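K.L.:
Encoded as structure tokens, here's the structure I'll be asking about.
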Amino acid sequence: MAALFQELLKPPSSANPHSNDKASPDPVALEYLSTLASMPLSQIESSEQQSLAQSSHSLLLSLQALSKRSHKSIINSAANHSHLRTALPALAASTNDLTNAIPKLDNEAVSFSTTYNKTGDNEILNARKRALLLSRNVERLVDVLELPTLLSTAISTGSSAPAAANYASALDLSSHIRRLHGLYADSPLVASVSAQADEAMQAMAKNLITSLRAPGLKLASALRTTSWLRRVVPELDSAGTAGNGGGLGALFLVCRLSTLTNMLAALEPLRELAEQERIRQKQKPIGSAWSGGQQTERYLKRYIEIFREQSFAIISMFRSIFPAPTNASTSRAGDRNPLQPIPSALSTFPFHLIEMLMETLRTYLPTVKDQPSRDSLLTQVLYCAGSLGRLGGDFGILLATIDVGEDAEDEWVEVVKRHRLMAGRLESIVGAKDRAFHFVAGLGSGTLGAVLLQPFDLLKTRVQQSGSHSIRAAVRDIAKSPNALTALWRGTVPSALRTGLGSAIYFTTLNVIRQRATALPFATVSAADAHHSSSLPKLSNTANLVAGAFARAFAGFILMPLTVIKVRYESSLYSYKSIAGAARDIYKTERIPGFFAGFGATAIRDAPYAGLYVLSYEQFKKRLSSWHLLSSSIPHTQSGVGMGSSISATINFSSGALAGATCSFISNPFDAVKTRIQLQPREYRNMVQACRKMIMEEGVRSLYDGLSLRMTRKAMSSALAWMVYEELIRRAETTWRRTKGHV
């Protein structure tokens, strides 16, 4: 029924009425017709019409709203559809062109890949690779380019202030640049940087040479400067410190000679007055020849004073910086080279200096006609000759060749006699001061160590007297005292007197023995084998052993009464109220032998101990000094003057502590026996009987009672005593050398 209704309602086709095409039915229309067919006629006539009218009106409103909202889009869509007729043919034409161009593009791509292949050699690609490499390493290149600037800055900073670290940095930078130049020898950039670095190092060498010409040059500064020059210009001293200075030594002498010449040239106004005075004397008649000479005397006094100071400083500094090679090194060099080595520049330099002075004296000394003034000048010249004589350049005999008149010979003899008399008195005064200072230095160092370390000595005595082998028991016993802190320093006065005087006598005796031993050829060592943290004489191992043992035995014998009083005063077996009371009680009960009880054990303990200590101390100093020199830039042969006070003090303290601990362990049995004899002389009569009794009753361990305390005390006291003593003597020796050089 619905299909029949649809067929009836379908309008006829106006285009082709005879067409056989059947349109597919509309499902919505069919559904509506089916609904309409099922409805009664009355409903169709009444309500269906209204429903259709409402639906039609609703659709109309919807269409109006849609057209209002989307009319622009619809118009644009219609316009675009109208353009499709022209756009589609254009697209087809472009597609054809693209189809024709793709083969050409493929050919060009193949050609490009063939031309610019990575495996091939192309200039453009290589340039781009270099540019890319440059961009990736631009920071490194900037660092390399800044190396000359950094080097120049370090050199200029080092020259404006005494900053050794800046010159060290400059040398490190220079070494780095040379290493880069060796690795990249073909690089123009590295070659340019290396050339700038060479110019900077030349400037550094000029600065160093200029510093050698400074008027107030000191030995430490000269050592640093020559050490830098060895590294900056190594060809100046190809033989190193084992040679005789080479070109570097000659350069040093030339620089110092230039300084001396400039200082003497500053006396030009005085020299002109002296020259005018000399010319006037030649023009005057013979009768008035003894008048005048005051200006010449002023000039010569100032000239001789400057010459004496500078000549001594030049030669002494040269010998310190460039020491003469040892016989062993000379023989080894002779084995390698059949020709004799070139002599040092110092071998002829003193002759030039002396000739300068002699020429001036020959020219102007005859002008001084006043005999006291001339004698004063000759005495001043003799002191100058004696000053150089300490360095092997005494030229006093040459003064006799100066013609100053008819009575010159007698006058010269008198001047020499007076000079020798005054020099002998001065030497005796200086020698007495030398021995006195050794005594005072030993006294101060020994007293300081005794006061600081008295608690260890007290504990050691208590442990050895009890035989309990326990330090804690001794500490608890002392803690029970009313004043425990004061009890720890019980016996400090006799201990300080004994140790202070013992150290003074010991060091003085040891110094005298060592000074005498230096005259024996078998007792000394070569300069190459000597340590360099000490200013004391360097002896062989055997000489050190014998000197230390004899000096300690002598000091121990003299101070034995104080030792006995000290030990008994510290012990709890005796209730002495005072030192004087202890001495009276010992004399009353045991007489004079009581003051020397235990001397045999003491001597057997102290003499080997002191000998071994001096031997060990010198060996430890030698080893520690060598280790220090290996890690520093100061050559071994220069270390005796180049080592600073703080370094030498550290080495001396460490050597003293190590030697004290080692020798204390070896000699502790003798100390334990000695303590028993001094505390209980009736039970322990002599060393052999005491040793046997202790071993039988208490075992071998009793011989090492108080070992830790004694090792600690001995190590610390020895380190303090020797460090203080060495530093005092070191400073005194420096002052005495300077005083002798300026006399």
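K.L.:
Viscosity 1.567 mPa s, temperature 4 °C: what is the translational diffusion coefficient of the stretch 45-189 from Stokes-Einstein with a Kirkwood Rh over Cα pairs, rounded to a whole number of µm²/s?
P.N.:
Rounded, D is 51 µm²/s.
K.L.:
Can you flag which of 622/674; 588/714; 622/714; 566/622; 538/674; 588/693 are past 25 Å Cα-Cα?
P.N.:
622/674; 588/714; 566/622; 538/674; 588/693
K.L.:
Grab the Cα-Cα distance for residue 76 and residue 37, subtract it from 0.36 nm times how many residues apart they are, and report the gain in nm with one decimal.
P.N.:
9.7 nm
K.L.:
Moving on to the next point. Given the peptides 311-321, 586-596, arrange them by the average over their residues of other C-beta atoms within 10 Å, most packed first.
P.N.:
Going from most to least packed, we get 311-321, 586-596.
K.L.:
Would you rank 627, 489, 722 by solvent-accessible area, highest first, keeping every protein chain in place and using a 1.4 Å probe? Intermediate values should be presented prior to the final figure.
P.N.:
Working: 627 160, 489 100, 722 10 Å².
Result, largest first: 627, 489, 722.
K.L.:
Shifting gears a bit: How much length, in nm to one decimal, is gained on full extension between residue 183 and residue 701, taken as 0.36 nm per residue of separation minus their Cα-Cα distance?
P.N.:
Going from the current span to full extension adds 179.8 nm.
K.L.:
Put 376, 344 in order of accessible area, largest first, 1.4 Å probe: what do you get?
P.N.:
Final ranking, largest accessible area leading: 376, 344.
K.L.:
If you average the C-alpha positions of the stretch 653-715 and of the stretch 79-155 separately, how far apart do those two centres end up, in angstrom?
P.N.:
92 Å
K.L.:
So, one more: Using a 1.4 Å probe on the protein heavy atoms only, what accessible surface does residue 696 show? Give it in Å² to the nearest 10.
P.N.:
150 Å²
K.L.:
What ranking of 364, 704 comes out by heavy-atom accessible area, probe 1.4 Å, highest first?
P.N.:
Highest to lowest solvent-accessible surface, that is 704, 364.
K.L.:
Quick one: if the Förster radius is 56 Å, what FRET efficiency do residue 29 and residue 100 give, using the C-beta to C-beta distance and rounding to 0.05?
P.N.:
In this case the efficiency is close to 0.55.
K.L.:
Convert 10 °C to kelvin, take the viscosity as 1.306 mPa s, use the Kirkwood radius over C-alpha pairs of the stretch 672-726 as Rh, and evaluate the Stokes-Einstein diffusion coefficient in µm²/s, rounded to a whole number.
P.N.:
125 µm²/s
K.L.:
Quickly work out the residue 398-to-residue 221 label distance, labels modelled 7 Å from Cα along the C-beta direction, and quote it in nm with one decimal.
P.N.:
2.9 nm
K.L.:
Turning to a different aspect of this structure: Could you check the spin-label model distance between residue 685 and residue 198? Points 7 Å from the Cα along Cα→Cβ, value in nm.
P.N.:
With each label point 7 Å from Cα toward Cβ, the separation is 9.1 nm.
K.L.:
Which trypsin sites (Lys or Arg not before Pro) does the stretch 143-233 hold that lie in a coil by DSSP with at most 12 other beta carbons within 10 Å?
P.N.:
Qualifying residues, ordered by number: 218.
K.L.:
I've got another one for you. Using each residue's phi in the stretch 348-365, evaluate 6.51 cos²θ - 1.76 cosθ + 1.60 at θ = phi - 60° and report the 3J(HN,Hα) Karplus result to the nearest Hz, with x for Gly and Pro.
P.N.:
10, 4, x, 4, 5, 4, 5, 5, 4, 5, 5, 5, 5, 5, 4, 7, 10, 5
K.L.:
Shifting gears a bit: Determine, from the Cβ-Cβ distance of residue 143 and residue 206 and an R0 of 30 Å, the FRET efficiency 1/(1 + (r/R0)^6), rounded to the nearest 0.05.
P.N.:
The value I calculate is 0.65.
K.L.:
Now for a separate question. What nm distance separates the two modelled labels at residue 347 and residue 135, each placed 7 Å from Cα along Cα→Cβ?
P.N.:
Between residue 347 and residue 135, the simple spin-label model gives 6.8 nm.
K.L.:
Between residue 481 and residue 50, what length comes free when the chain is fully extended (0.36 nm per residue of separation minus the Cα-Cα distance, one decimal in nm)? Show your work: numbers first, answer last.
P.N.:
Details: separation 431, 0.36 × 431 = 155.16 nm, distance 13.28 nm.
Full extension from residue 481 to residue 50 adds 141.9 nm.
The values are calculated or read from the model by the stated rules, or taken from the named source; none is laboratory data. Predicted, not measured: the structure shown is a model, and the values here were computed from it. Glycine gets a Cβ as well: all are built from the backbone with ideal geometry, and neighbour counts include every protein chain shown. These area figures cover heavy atoms from the full protein model, side chains too; ligands, DNA and RNA do not enter into them. Shrake-Rupley method; radii C 1.70, N 1.55, O 1.52, S 1.80 Å.
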